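The values are calculated or read from the model by the stated rules, or taken from the named source; none is laboratory data. Since this is a predicted model, take the numbers as computed values, not measurements. In this analysis, Cβ positions are derived from the backbone assuming ideal geometry, glycine residues included, and neighbour counts consider all displayed protein chains. Ligands, DNA and RNA are stripped out before the accessible areas are found, and what is left, the full protein with its side chains, is counted by its heavy atoms. Shrake-Rupley method; radii C 1.70, N 1.55, O 1.52, S 1.80 Å.
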Amino acid sequence: MVQERYNPEEIEQKWQHRWAEDNSFACGDTQKPKYYVLEMFPYPSGNIHMGHVRNYSIGDVIARFRRMQGFDVLHPMGWDAFGLPAENAAIKNNTHPAKWTFANIDTMRAQLQRLGYSYDWKREIATCRPEYYKWEQLFFLRFLEKGLIYRKKAPQNWCPSCHTVLANEQVVEGLCWRCDSKVEQKDLTQWFLRITAYAEELLQDLDKLEGGWPERVLAMQRNWIGKSVGAHITFDLEQPQGDVTSLEVFTTRPDTLFGVTFLTLAPEHPLVESLIQKTPEAEHIRQFIQRTRNMDRLERQSDQLEKEGVFTGSYVLHPFTGARVPLWLGNFVLAEYGTGAVMGVPAHDQRDFDFAHKYHLPITLVIQPENTTLDTATMTEAMTGNGVMVNSDSFNALLNEEGKIQIVTALEQKKKGKAAIQYRLRDWNISRQRYWGAPIPVIYCEQCGVVPEKEEHLPVHLPLDVKTREDGRSPLPETASFATCQCPRCGGQARRETDTLDTFVESSWYFARYTDARNENTPFSADALLRWLPVDQYIGGVEHAILHLLYARFFTKALRDCGFFPKEITEPFRNLLTQGMVLKDGRKMSKSKGNVVDPTLMIQKYGADTVRLFCLFAAPPERDFDWSDSGIEGSSRFLARVWRLFQDTRQYLQPLLPCTASAQDAQSAAARDLRRKEHLTVKKAGEDMGDRFQFNTAIAAVMELVNAMYACRDELCADSAGQHVFSSAMSSVLTMLSPITPHLCEELWEDLGHTTPLNNMPWPQWQEEALQQDVITIALQVNGKLRGTMDIPAGISKEDVENLARKDQNIMRHTQNMTIRKVIVVPGKLVNIVAG
RNA sequence: GCGAAAGUGGCGGAAUUGGUAGACGCACUGGACUUAGAAUCCAGCGGGUUGCCCCGUGGGGGUUCAACUCCCCCCUUUCGCACCA
């Protein structure tokens, strides 16, 4: 018998070719229950990195494991192919974004195939293809019709380096999420998706995801949506200024209404100019506004910011008391939240407290805490807690929570206010002033105005015969063949929208396209959606906790309401696994730090199976892990050890199915132990892989089994009964490892003489009977401290166990001169003797 | 400040319902095999003491026969949000 060395390269090529030829990972057996496992698709940046390998290895184990469990598994892959890096790289390398992108896709597809992932490549998509974005343009038109898309001029986040606007979600601490440039504010007319229309449903439905999604992702989304319950309250101006007769504020504390001693407007509030133009102080106020607007965004948003304001010269009237309330501007009031105006209640809001002290405004206490009595003269900070209402006319003596309700009711009767809910969430700006994106299917006609493109004209092709500009600006406005067009309504000459869609639009619905990826007539059939959605298991990095995952949830609801999705589909992803990062030397891998580990080199050196194994073994999937060069050596060593064990015992091995050696085969103690270990491992590995996604402990369990096989191989291989037990254990090892290291396992499985590939085999069934043992070891404790162990026959009575324990030497020694007060017997586990 | 997660050997990490803390792997040490190395195999490997024990899961209290696990208080780290009225 020839003992070949483990040669991963050769084996892996062989099986990868076979899988491709046989189209091994297609789904479609509708007799079986469905399972849709999806990993976040990559941006084709050039090469896959370790983060991808980890992400896709996790997904692949789940996919392969579910197949073995009898599910019809959909496991697709594609490319999030529009976006800025392609444009920037094209400019840098003097090529075209399309060329660059498709070349990268080819490279990365080959790299993924080299890792042996079980994708159904027949469903591959690339979002930059017209066959894909055509449907996105159709969604755009239907959303527009439904009022879910609108155009408005507003101050926008502008990245000067990327020459484009950014969504709020794409601004991180005042910087562009892509290039870290400081984001500026610019007034621009842009297209918006009305995500705020779904704020409440997006918030409510997070409860449905409880258990399936990590708590922190749910918390982040709740935080981002930012619901506040309160009231809008109207304050009439003492002296109307032209058309302006009143101002509206939003507050979460209507119970403090009687504590209002001033009102504060954002400097950007649209009514400010008409309010101040007749004041002698107008010029001074304008200077304040200008100063505030010019302030750095980061600085402005910081809570370190010194609160500054200026009196407008106007007064409003308190809705209940009619008292004159001075109207101020304040640099801490945000124009874009609520109504851009807030009521100043210095006694019960810290910001107002600071502001009142600085400008010597009066402070009125309207809520007293339960056990102490506060005095505004001695207060050092605002009282923001609950208490009993005072100084509030007919509302005195109410608990403030009750006061909230009653004051809002009274306001509603007087038509001076109403209950209101505010969200922090803003509508999603989807216009981008860049070239490499999906064209927005809208036309501007001088006669007809804004005209949607006709559906039968879709797709609006992104022209590929353009030259990208050095300065990064989009060439589209100057591309006459694209920008100039006929108005679909009047036929006259018109201009096409030259902004493109934010790339997050493509990733908001790709999971649905996979269900019916080659459909040329509709974006997807209802049957395919009903069969596959929602995604049963979604896997990706936590960096998408807000952006992508919120947008995709929104799209699911919007597509449902526009009739593209069946009514019953309301959430895209039932379960979410957020995998941790792969670090090197405790830090994120990056080219600039020079600490990048290239997966291709690792595959060359150790083979795909080893790389997959190590990524799964190093840590549980949610946790970050530090890449270790000696760690991967260990994984490589383990596979070589399996290989060697197989070759060393090959002549005794029979092509048995896992867990098929009988109790009769396992006569000797060693055989019985191995058989038991085999079944125990099948049980544990199945639970760890399928229920808990703890691949590291599943692998550890199989390692234990392999170690046990090493220890008993000579003894067991000596007779045919033993060989049975050993062969069955070997089959179990290969079957259990096959989702993780499929190439090695398929190779040895085939060599054993099996004709059905492991890929089509079911997960083994362990048997209770095999787990039984005649003699068990239990712990002996005195007062909870371990004082020895004892072997006892399984299944003997508690009394017998206790009696045996009392006679144990160790126990006798530790209890001499003591009175035994109590004996705790935990069957199969331990005996604890309480003595003193 | 608000929210989420985490803290266990030299390191990555186990311990699933409260029941023998440290599985599995890495690193390290000793031995075998080798001219030597590599590879492999065997053994050891929390700390203190060596033949008994004592201490030990961020710290302090508590519940329990028994606590990494449950309860209370505190500390540290990471992440997200943050003048949102």
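A few notes on this one:
- Annotation note: Cβ proximity below 6 Å between a residue of the range A:93-118 that is on the phi < 0 side of the Ramachandran plot and a residue that is assigned to a loop (DSSP other than H, G, I, E, B) and open to solvent by 50 Å² or more (accessible area, probe 1.4 Å) (sequence gap 6+ or interchain) occurs for A:Ala98/A:Leu464.
- The one condition from (1) touching a Gly at 6+ places or on another chain (Cβ under 7 Å); (2) open to solvent by 60 Å² or more (accessible area, probe 1.4 Å) that A:Asn760 does not meet is (1).
- For the range A:520-552, filtering for residues that are within 16 Å of RNA strand B (Cβ to nearest atom) and either open to solvent by 30 Å² or more (accessible area, probe 1.4 Å) or charged (D, E, K, R) (or both) leaves 4.
- If you go through the range A:592-642 and keep only what is among the small types (Gly, Ala, Ser) and within 15 Å of RNA strand B (Cβ to nearest atom), you end up with A:Gly607, A:Ala618, A:Ala619, A:Ser628, A:Ser630, A:Gly631, A:Gly634, A:Ser635, A:Ser636, A:Ala640.
- Within the range A:319-343, the residues that satisfy the criterion of being within 16 Å of RNA strand B (Cβ to nearest atom), within 18 Å of A:Gln241 (Cα to Cα) and either open to solvent by 10 Å² or more (accessible area, probe 1.4 Å) or among the β-branched types (Val, Ile, Thr) (or both) are A:Val325, A:Trp328.
- Residues of the range A:661-675 satisfying the condition of being assigned to a helix (DSSP H, G or I) and either surrounded by fewer than 16 Cβ atoms within 10 Å (Cβ to Cβ) or not basic (Lys, Arg) (or both): A:Ala669, A:Ala670, A:Ala671, A:Asp673, A:Leu674
Per-residue answers, yes or no, for (1) open to solvent by 20 Å² or more (accessible area, probe 1.4 Å); (2) at positive phi; (3) charged (D, E, K, R):
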| position | (1), (2), (3) |
| --- | --- |
| A:Arg5 | yes, no, yes |
| A:Gln16 | yes, no, no |
| A:Ala20 | yes, no, no |
| A:Ser24 | yes, no, no |
| A:Val37 | no, no, no |
| A:Met50 | no, no, no |
| A:Tyr56 | no, no, no |
| A:Phe71 | yes, no, no |
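- Hits in the range A:676-696 (condition: of a type in the set (S, T, N, Q) and part of a loop (DSSP other than H, G, I, E, B)): A:Gln694
- Filter result for A:Pro658 (at pLDDT below 95, open to solvent by less than 30 Å² (accessible area, probe 1.4 Å) and either assigned to a loop (DSSP other than H, G, I, E, B) or within 11 Å of RNA strand B (Cβ to nearest atom) (or both)): no
- Of all residues in the range A:627-655 being more than 30 Å from A:Val597 (Cβ to Cβ) and in contact with a Ser or Thr (Cβ under 6 Å, 6 or more places away or on another chain), the one that is least open to solvent (accessible area, probe 1.4 Å): A:Leu653
- Cβ-Cβ under 7 Å pairs, at least 6 apart or on other chains, the range A:331-357 side under 26 Å from A:Arg426 (Cβ atoms) and part of a strand (DSSP E or B), far side more than 7 Å from RNA strand B (Cβ to nearest atom) and of a type in the set (Phe, Trp, Tyr): A:Gly344/A:Phe262; A:Gly344/A:Phe355
- Test for A:Thr380: is it in a loop (DSSP other than H, G, I, E, B) and either modelled with pLDDT of 85 or more or open to solvent by less than 20 Å² (accessible area, probe 1.4 Å) (or both): yes
- When A:Lys182, A:Lys208, A:Lys278, A:Lys186 are checked against the criterion of being open to solvent by 50 Å² or more (accessible area, probe 1.4 Å), in contact with a helix residue (DSSP H, G or I) (Cβ under 8 Å, 6 or more places away or on another chain) and among the charged types (D, E, K, R), a single residue qualifies: A:Lys182.
- Number of residues in the range A:359-368 that are without any contact (Cβ under 8 Å) to a residue 60 or more places away in the chain and either closer than 19 Å to A:Thr252 by Cβ or open to solvent by 80 Å² or more (accessible area, probe 1.4 Å) (or both) equals 1.
- Residue within the range A:82-96 that is among the acidic types (Asp, Glu) and within 23 Å of the chain's Cα centre (by Cα) present: no
- Options A:Val244, A:Val183, A:Val229; residue that is modelled with pLDDT under 90 and farther than 24 Å from A:Val310 by Cα: A:Val183
- Test result for A:Thr697, within 16 Å of RNA strand B (Cβ to nearest atom), of a type in the set (S, T, N, Q) and under 30 Å from A:Ala835 (Cβ atoms): no
- Screening A:Lys822 on (1) within 12 Å of RNA strand B (Cβ to nearest atom); (2) over 48 Å from the mean Cα position of the chain (by Cα); (3) buried (at least 17 other Cβ atoms within 10 Å of the Cβ) shows it passes everything except condition (3).
- Listed by position, the strands (runs of 3 or more DSSP E) contained in the range A:171-264 that have at least 1 residues being in contact with an Asp or Glu (Cβ under 8 Å, 6 or more places away or on another chain) and within 11 Å of RNA strand B (Cβ to nearest atom) are A:227-241.
- Where helices (runs of 4 or more DSSP H) sit wholly within the range A:731-807, those with at least 3 residues that are closer than 30 Å to A:Gly607 by Cα occupy A:742-752.
- A:Ala835, sole failed condition from (1) farther than 30 Å from A:Lys14 by Cβ; (2) surrounded by 12 or more Cβ atoms within 10 Å (Cβ to Cβ); (3) in contact (Cβ under 8 Å) with a residue 60 or more places away in the chain: (3)
- Exactly one residue out of A:Arg300, A:Arg253, A:Arg291 is among the basic types (Lys, Arg), in contact with a helix residue (DSSP H, G or I) (Cβ under 9 Å, 6 or more places away or on another chain) and more than 26 Å from A:Lys418 (Cα to Cα): that is A:Arg300.
- Residue in the range A:211-231 that is most open to solvent (accessible area, probe 1.4 Å), counting only those that are in contact with a strand residue (DSSP E or B) (Cβ under 9 Å, 6 or more places away or on another chain) and aliphatic (A, V, I, L, M): A:Val229
- When A:Pro475, A:Pro534, A:Pro523 are checked against the criterion of being modelled with pLDDT of 95 or more and out of contact with any strand residue (DSSP E or B) (no Cβ under 9 Å at 6 or more places or on another chain), a single residue qualifies: A:Pro523.
- Residue within the range A:369-382 that is touching a helix residue (DSSP H, G or I) at 6+ places or on another chain (Cβ under 8 Å), acidic (Asp, Glu) and closer than 18 Å to A:Pro346 by Cβ present: yes
- A:Gly78 being among the small types (Gly, Ala, Ser) and in contact with a Phe, Trp or Tyr (Cβ under 7 Å, 6 or more places away or on another chain): yes
- Subset of the range A:784-804 (residues that are more than 12 Å from RNA strand B (Cβ to nearest atom) and in contact with a helix residue (DSSP H, G or I) (Cβ under 6 Å, 6 or more places away or on another chain)): none
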